[in-house]
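Here is the structure we will look at.
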Amino acid sequence: MKILLRATNWVGDVVISLPALRALRAHHRGDRIAVLARPWVAALYRLLPEVDEVLVDDAGGRHSGAAGRAALVAELNGKGFDRAILLPRSFATAWTAYRAGIPERWGYRGELRSPLLTHSVPFSRSPGEHELLRHLRLVAATGVAVPEVPDATLPVSEDLRRSARAKLKDAGFPGGPFAAAHVASFAHEAKRWPPERFAALFDDLAARRGLPTVLLGSASEAPMSSRIASLAGSARVFDLAGKTSLPEVLGIVSLAELFVGNDSGLAHLANAAGTPTTVVFGPTDPEATRPWDGPRPDGRPVRLRVVRERVLCAPCRFTRCPIDHACMTGISVGNVLG
(Lines give C-alpha, C1' and ligand atoms only; values in the text may rest on other atoms or scores of the structure.)
Protein backbone atom coordinates (compact mmCIF):
# COMPACT_ATOMS: atom_id res chain seq x y z
CA MET A 1 0.00 0.00 0.00
CA LYS A 2 1.13 3.55 -0.74
CA ILE A 3 -0.02 6.04 1.89
CA LEU A 4 0.04 9.83 1.75
CA LEU A 5 -0.01 11.69 5.05
CA ARG A 6 -0.93 15.37 4.60
CA ALA A 7 1.10 17.07 7.30
CA THR A 8 0.08 19.91 9.56
CA ASN A 9 1.35 23.32 8.51
CA TRP A 10 3.25 24.72 11.50
CA VAL A 11 6.34 23.58 13.38
CA GLY A 12 4.68 22.96 16.74
CA ASP A 13 1.82 21.07 15.10
CA VAL A 14 4.33 18.90 13.25
CA VAL A 15 5.95 17.89 16.54
CA ILE A 16 2.68 17.00 18.25
CA SER A 17 1.56 14.99 15.22
CA LEU A 18 4.68 12.79 15.34
CA PRO A 19 3.02 10.07 17.46
CA ALA A 20 0.34 9.69 14.79
CA LEU A 21 2.98 9.30 12.09
CA ARG A 22 4.90 6.77 14.18
CA ALA A 23 1.77 4.78 14.95
CA LEU A 24 1.04 4.72 11.22
CA ARG A 25 4.53 3.43 10.47
CA ALA A 26 4.34 0.75 13.19
CA HIS A 27 1.11 -0.58 11.66
CA HIS A 28 2.23 -0.33 8.02
CA ARG A 29 5.76 -1.71 8.37
CA GLY A 30 6.05 -2.96 4.81
CA ASP A 31 4.12 -0.15 3.14
CA ARG A 32 5.36 3.11 1.65
CA ILE A 33 4.55 6.31 3.53
CA ALA A 34 4.98 9.73 1.93
CA VAL A 35 4.38 13.04 3.68
CA LEU A 36 3.01 16.10 1.90
CA ALA A 37 4.24 19.17 3.80
CA ARG A 38 4.61 22.91 3.45
CA PRO A 39 8.12 24.11 2.49
CA TRP A 40 9.01 25.52 5.90
CA VAL A 41 8.46 22.19 7.74
CA ALA A 42 9.49 19.71 5.03
CA ALA A 43 13.09 19.57 6.30
CA LEU A 44 11.91 18.23 9.68
CA TYR A 45 10.25 15.25 8.01
CA ARG A 46 13.46 14.48 6.13
CA LEU A 47 15.08 13.77 9.51
CA LEU A 48 12.63 10.97 10.27
CA PRO A 49 13.35 7.32 9.44
CA GLU A 50 9.59 6.65 9.48
CA VAL A 51 9.11 8.63 6.26
CA ASP A 52 9.95 7.15 2.86
CA GLU A 53 9.37 10.30 0.82
CA VAL A 54 8.73 13.99 1.48
CA LEU A 55 6.63 15.93 -1.03
CA VAL A 56 6.27 19.70 -0.83
CA ASP A 57 3.04 21.68 -1.20
CA ASP A 58 4.45 25.06 -2.17
CA ALA A 59 1.20 27.04 -2.24
CA GLY A 60 3.08 30.34 -2.18
CA GLY A 61 5.43 29.39 -5.01
CA ARG A 62 5.32 26.79 -7.77
CA HIS A 63 1.94 25.45 -6.60
CA SER A 64 0.23 28.84 -6.40
CA GLY A 65 -2.79 29.75 -8.49
CA ALA A 66 -4.99 27.44 -10.53
CA ALA A 67 -2.12 26.17 -12.69
CA GLY A 68 0.07 25.49 -9.67
CA ARG A 69 -2.67 23.59 -7.85
CA ALA A 70 -3.31 21.54 -10.99
CA ALA A 71 0.41 20.71 -11.12
CA LEU A 72 0.33 19.49 -7.51
CA VAL A 73 -2.76 17.37 -8.23
CA ALA A 74 -1.03 15.82 -11.25
CA GLU A 75 2.09 15.11 -9.18
CA LEU A 76 0.07 13.32 -6.50
CA ASN A 77 -1.98 11.45 -9.08
CA GLY A 78 1.21 10.17 -10.69
CA LYS A 79 2.43 8.69 -7.40
CA GLY A 80 -0.38 6.12 -7.32
CA PHE A 81 -1.35 6.56 -3.68
CA ASP A 82 -3.94 4.13 -2.30
CA ARG A 83 -4.83 6.12 0.80
CA ALA A 84 -4.57 9.72 1.98
CA ILE A 85 -4.80 10.70 5.64
CA LEU A 86 -5.38 14.42 6.08
CA LEU A 87 -4.29 15.83 9.43
CA PRO A 88 -5.37 19.44 8.67
CA ARG A 89 -9.13 20.05 8.73
CA SER A 90 -9.23 22.49 5.84
CA PHE A 91 -11.40 22.22 2.73
CA ALA A 92 -8.35 22.77 0.50
CA THR A 93 -6.51 19.66 1.69
CA ALA A 94 -9.53 17.46 1.03
CA TRP A 95 -10.14 19.08 -2.36
CA THR A 96 -6.55 18.40 -3.42
CA ALA A 97 -6.70 14.72 -2.42
CA TYR A 98 -10.07 14.34 -4.14
CA ARG A 99 -8.84 15.88 -7.39
CA ALA A 100 -5.72 13.69 -7.25
CA GLY A 101 -7.99 10.64 -7.43
CA ILE A 102 -6.62 8.95 -4.31
CA PRO A 103 -9.11 6.08 -3.74
CA GLU A 104 -9.28 6.30 0.10
CA ARG A 105 -9.39 9.74 1.70
CA TRP A 106 -9.55 9.93 5.51
CA GLY A 107 -10.07 13.14 7.43
CA TYR A 108 -12.10 14.90 10.06
CA ARG A 109 -15.47 16.37 9.18
CA GLY A 110 -15.90 20.11 8.90
CA GLU A 111 -15.23 22.94 6.46
CA LEU A 112 -17.94 21.46 4.15
CA ARG A 113 -15.47 18.81 3.02
CA SER A 114 -17.23 15.58 3.98
CA PRO A 115 -18.41 14.88 0.38
CA LEU A 116 -14.75 14.95 -0.70
CA LEU A 117 -13.75 12.25 1.81
CA THR A 118 -14.41 8.55 1.45
CA HIS A 119 -14.07 8.20 5.23
CA SER A 120 -15.30 11.24 7.13
CA VAL A 121 -14.39 10.94 10.81
CA PRO A 122 -16.49 12.82 13.41
CA PHE A 123 -14.48 15.55 15.10
CA SER A 124 -14.65 16.13 18.83
CA ARG A 125 -12.34 17.46 21.50
CA SER A 126 -12.86 17.01 25.21
CA PRO A 127 -12.12 19.93 27.57
CA GLY A 128 -8.46 19.86 28.54
CA GLU A 129 -7.52 17.41 25.78
CA HIS A 130 -4.20 17.83 24.05
CA GLU A 131 -4.09 18.23 20.26
CA LEU A 132 -1.69 15.30 20.06
CA LEU A 133 -4.56 12.96 20.92
CA ARG A 134 -6.69 14.38 18.09
CA HIS A 135 -4.09 13.39 15.52
CA LEU A 136 -3.81 9.94 17.06
CA ARG A 137 -7.59 9.47 16.90
CA LEU A 138 -7.62 10.11 13.17
CA VAL A 139 -5.01 7.47 12.35
CA ALA A 140 -6.69 5.10 14.83
CA ALA A 141 -9.89 5.42 12.79
CA THR A 142 -8.02 3.78 9.88
CA GLY A 143 -7.31 0.70 12.02
CA VAL A 144 -3.97 1.75 13.48
CA ALA A 145 -3.22 0.87 17.11
CA VAL A 146 -2.62 3.83 19.45
CA PRO A 147 0.67 3.54 21.40
CA GLU A 148 0.65 3.44 25.18
CA VAL A 149 3.47 6.01 25.24
CA PRO A 150 3.15 8.54 22.39
CA ASP A 151 6.53 9.43 20.91
CA ALA A 152 6.79 13.18 20.24
CA THR A 153 10.59 13.28 20.30
CA LEU A 154 12.88 14.31 17.46
CA PRO A 155 16.14 12.56 16.62
CA VAL A 156 19.27 14.70 16.79
CA SER A 157 22.22 13.12 15.01
CA GLU A 158 25.84 13.89 15.79
CA ASP A 159 26.13 15.38 12.29
CA LEU A 160 23.32 17.79 13.16
CA ARG A 161 24.99 18.76 16.43
CA ARG A 162 28.27 19.30 14.58
CA SER A 163 26.49 21.59 12.12
CA ALA A 164 24.91 23.44 15.05
CA ARG A 165 28.29 23.97 16.69
CA ALA A 166 29.63 25.38 13.43
CA LYS A 167 26.71 27.84 13.24
CA LEU A 168 27.37 28.95 16.81
CA LYS A 169 31.07 29.41 16.08
CA ASP A 170 30.29 31.46 12.95
CA ALA A 171 28.13 33.75 15.14
CA GLY A 172 31.09 34.39 17.44
CA PHE A 173 29.97 32.09 20.24
CA PRO A 174 33.09 31.00 22.13
CA GLY A 175 31.70 27.72 23.42
CA GLY A 176 30.43 26.53 26.78
CA PRO A 177 26.94 26.36 28.30
CA PHE A 178 24.25 28.69 26.96
CA ALA A 179 20.53 29.39 27.02
CA ALA A 180 18.52 29.31 23.79
CA ALA A 181 15.55 31.61 23.34
CA HIS A 182 12.81 32.50 20.87
CA VAL A 183 11.39 35.96 21.54
CA ALA A 184 8.98 36.35 18.63
CA SER A 185 6.03 34.25 17.56
CA PHE A 186 5.68 34.54 13.78
CA ALA A 187 2.64 36.76 13.02
CA HIS A 188 0.90 36.23 16.37
CA GLU A 189 1.63 39.45 18.21
CA ALA A 190 -0.57 38.60 21.22
CA LYS A 191 1.60 35.56 22.04
CA ARG A 192 4.71 37.67 22.65
CA TRP A 193 6.00 38.41 26.12
CA PRO A 194 7.20 42.06 26.35
CA PRO A 195 10.66 42.64 24.82
CA GLU A 196 11.99 44.49 27.88
CA ARG A 197 11.25 41.47 30.06
CA PHE A 198 13.05 39.10 27.76
CA ALA A 199 16.08 41.42 27.88
CA ALA A 200 15.91 41.53 31.69
CA LEU A 201 15.59 37.73 31.76
CA PHE A 202 18.76 37.37 29.70
CA ASP A 203 20.59 39.70 32.09
CA ASP A 204 19.42 37.61 35.06
CA LEU A 205 20.49 34.36 33.39
CA ALA A 206 23.94 35.88 32.85
CA ALA A 207 24.20 37.23 36.40
CA ARG A 208 22.84 34.21 38.28
CA ARG A 209 23.96 31.31 36.11
CA GLY A 210 26.67 32.74 33.89
CA LEU A 211 24.74 31.81 30.77
CA PRO A 212 24.93 33.75 27.51
CA THR A 213 21.82 33.62 25.33
CA VAL A 214 21.47 32.44 21.74
CA LEU A 215 18.47 33.94 19.97
CA LEU A 216 16.70 31.84 17.33
CA GLY A 217 13.92 32.57 14.86
CA SER A 218 13.00 33.13 11.24
CA ALA A 219 14.18 35.91 8.94
CA SER A 220 10.88 37.76 9.43
CA GLU A 221 11.49 37.70 13.20
CA ALA A 222 15.05 39.01 12.94
CA PRO A 223 14.16 42.69 13.58
CA MET A 224 12.48 41.82 16.88
CA SER A 225 15.37 39.59 17.94
CA SER A 226 17.84 42.35 17.10
CA ARG A 227 15.86 44.86 19.14
CA ILE A 228 15.74 42.62 22.21
CA ALA A 229 19.44 41.81 21.90
CA SER A 230 20.15 45.56 21.97
CA LEU A 231 18.06 45.98 25.12
CA ALA A 232 20.05 43.44 27.13
CA GLY A 233 22.60 45.06 29.41
CA SER A 234 25.14 42.70 30.98
CA ALA A 235 24.18 39.58 29.04
CA ARG A 236 26.10 38.31 26.04
CA VAL A 237 23.51 37.72 23.35
CA PHE A 238 24.26 35.93 20.09
CA ASP A 239 21.55 36.60 17.54
CA LEU A 240 21.02 33.81 14.99
CA ALA A 241 17.47 34.75 13.95
CA GLY A 242 17.10 34.24 10.22
CA LYS A 243 20.52 32.57 9.96
CA THR A 244 19.61 28.92 10.52
CA SER A 245 17.50 26.17 9.00
CA LEU A 246 14.97 24.32 11.16
CA PRO A 247 17.22 21.26 11.46
CA GLU A 248 20.06 23.56 12.57
CA VAL A 249 17.73 25.12 15.15
CA LEU A 250 16.96 21.61 16.41
CA GLY A 251 20.67 20.93 16.69
CA ILE A 252 21.30 24.19 18.57
CA VAL A 253 18.50 23.71 21.10
CA SER A 254 19.68 20.15 21.72
CA LEU A 255 23.03 21.63 22.88
CA ALA A 256 21.48 24.31 25.12
CA GLU A 257 21.35 24.16 28.91
CA LEU A 258 17.78 25.43 28.70
CA PHE A 259 15.29 26.99 26.32
CA VAL A 260 12.88 29.83 27.05
CA GLY A 261 10.35 31.38 24.71
CA ASN A 262 6.80 32.22 23.82
CA ASP A 263 4.25 29.62 22.73
CA SER A 264 5.78 28.78 19.36
CA GLY A 265 7.11 25.94 17.27
CA LEU A 266 10.66 26.37 18.55
CA ALA A 267 9.52 25.60 22.09
CA HIS A 268 8.15 22.31 20.75
CA LEU A 269 11.48 21.59 19.02
CA ALA A 270 13.43 22.22 22.23
CA ASN A 271 11.16 19.99 24.27
CA ALA A 272 11.26 17.27 21.60
CA ALA A 273 15.07 17.38 21.74
CA GLY A 274 14.97 16.79 25.50
CA THR A 275 16.15 20.28 26.52
CA PRO A 276 14.68 21.82 29.72
CA THR A 277 12.02 24.13 28.29
CA THR A 278 10.10 27.07 29.73
CA VAL A 279 7.18 28.41 27.68
CA VAL A 280 5.30 31.64 28.33
CA PHE A 281 1.62 31.22 27.46
CA GLY A 282 -0.89 34.05 27.08
CA PRO A 283 -3.88 34.02 24.71
CA THR A 284 -3.57 30.36 23.68
CA ASP A 285 -4.55 27.24 25.60
CA PRO A 286 -1.67 25.28 27.15
CA GLU A 287 -4.00 22.38 27.89
CA ALA A 288 -4.35 21.82 24.15
CA THR A 289 -1.14 23.09 22.58
CA ARG A 290 1.71 23.00 25.11
CA PRO A 291 4.76 20.94 24.16
CA TRP A 292 3.97 17.32 24.95
CA ASP A 293 4.92 16.49 28.54
CA GLY A 294 3.94 12.84 28.64
CA PRO A 295 6.59 10.18 29.32
CA ARG A 296 9.34 9.87 26.73
CA PRO A 297 9.88 6.42 25.16
CA ASP A 298 13.63 6.77 25.81
CA GLY A 299 13.03 7.19 29.54
CA ARG A 300 14.65 10.62 29.75
CA PRO A 301 12.93 13.03 32.14
CA VAL A 302 10.57 15.62 30.66
CA ARG A 303 11.50 19.06 31.96
CA LEU A 304 8.77 21.40 30.78
CA ARG A 305 7.50 24.51 32.60
CA VAL A 306 4.44 26.38 31.41
CA VAL A 307 4.25 29.94 32.77
CA ARG A 308 0.96 31.81 32.50
CA GLU A 309 -1.13 34.52 34.13
CA ARG A 310 -4.70 33.31 34.47
CA VAL A 311 -7.10 35.99 33.28
CA LEU A 312 -10.81 35.73 32.48
CA CYS A 313 -10.37 36.50 28.79
CA ALA A 314 -7.78 33.80 28.06
CA PRO A 315 -7.60 31.68 26.05
CA CYS A 316 -8.94 34.02 23.39
CA ARG A 317 -6.83 33.28 20.28
CA PHE A 318 -6.77 36.93 19.18
CA THR A 319 -3.62 37.63 17.20
CA ARG A 320 -3.54 41.15 18.68
CA CYS A 321 -4.95 41.95 22.11
CA PRO A 322 -7.85 44.45 21.88
CA ILE A 323 -7.58 45.45 25.56
CA ASP A 324 -4.71 45.38 28.09
CA HIS A 325 -2.74 42.21 27.18
CA ALA A 326 -2.85 41.25 30.87
CA CYS A 327 -2.23 37.59 30.10
CA MET A 328 1.32 38.55 29.12
CA THR A 329 2.05 41.79 30.98
CA GLY A 330 1.06 40.06 34.23
CA ILE A 331 3.98 37.63 33.94
CA SER A 332 7.17 38.86 35.62
CA VAL A 333 10.78 37.92 35.00
CA GLY A 334 10.72 36.19 38.39
CA ASN A 335 7.79 34.06 37.27
CA VAL A 336 9.74 32.84 34.26
CA LEU A 337 12.98 32.26 36.17
CA GLY A 338 10.99 30.15 38.62
When segment 120-162 is checked residue by residue, the ones that are part of a helix (DSSP H, G or I) and of a type in the set (A, V, I, L, M) are 132, 133, 136, 138, 139, 140, 141, 160
The residue that is surrounded by the most Cβ atoms within 10 Å (Cβ to Cβ), considering only those in segment 49-65 that are hydrophobic (A, V, I, L, M, F, W, C), out of contact with any Phe, Trp or Tyr (no Cβ under 9 Å at 6 or more places or on another chain) and modelled with pLDDT of 95 or more, is 56
For segment 268-278, does any single residue satisfy the condition of being farther than 22 Å from residue 177 by Cβ and among the polar types (S, T, N, Q)? no
Next item on the list: Answer with yes or no whether residue 90 is among the hydroxyl-bearing types (Ser, Thr, Tyr) and surrounded by fewer than 15 Cβ atoms within 10 Å (Cβ to Cβ).
Entry: no
Can you find a residue that is buried (at least 16 other Cβ atoms within 10 Å of the Cβ), modelled with pLDDT of 95 or more, small (Gly, Ala, Ser) and under 15 Å from the mean Cα position of the chain (by Cα) anywhere in segment 274-282? yes
*asked:* Scan segment 80-99 and tell me whether some residue there is among the aliphatic types (A, V, I, L, M), closer than 23 Å to residue 32 by Cα and free of Cβ contacts under 8 Å to residues at least 24 places away in the same chain.
replied: yes
Check on residue 131, surrounded by 16 or more Cβ atoms within 10 Å (Cβ to Cβ) and more than 19 Å from residue 36 (Cβ to Cβ): yes
- Does residue 14 meet the test of being crowded, with 21+ Cβ neighbours inside 10 Å and under 19 Å from the mean Cα position of the chain (by Cα)? yes
Per the list (1) at pLDDT 95 or above; (2) among the hydrophobic types (A, V, I, L, M, F, W, C); (3) surrounded by 13 or more Cβ atoms within 10 Å (Cβ to Cβ), residue check on residue 184 breaks on (1)
Here the residues within segment 100-126 that are in contact (Cβ under 8 Å) with a residue 12 or more places away in the chain and either of a type in the set (Val, Ile, Thr) or more than 24 Å from residue 76 (Cα to Cα) (or both) are 102, 118, 121, 122, 123, 125
Within segment 292-326, residues within 19 Å of residue 197 (Cα to Cα) and assigned to a loop (DSSP other than H, G, I, E, B) come out as 309, 310, 320, 321, 324, 325
Only one of 32, 25 is in contact with a strand residue (DSSP E or B) (Cβ under 8 Å, 6 or more places away or on another chain), modelled with pLDDT of 95 or more, under 18 Å from residue 86 (Cβ atoms) and surrounded by 17 or more Cβ atoms within 10 Å (Cβ to Cβ), namely 25
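The values are calculated or read from the model by the stated rules, or taken from the named source; none is laboratory data. Everything numeric here is computed off the predicted structure, so don't read it as measured data. Positions of Cβ are generated from backbone atoms using ideal geometry, with glycine treated the same way; all protein chains shown enter the neighbour counts.
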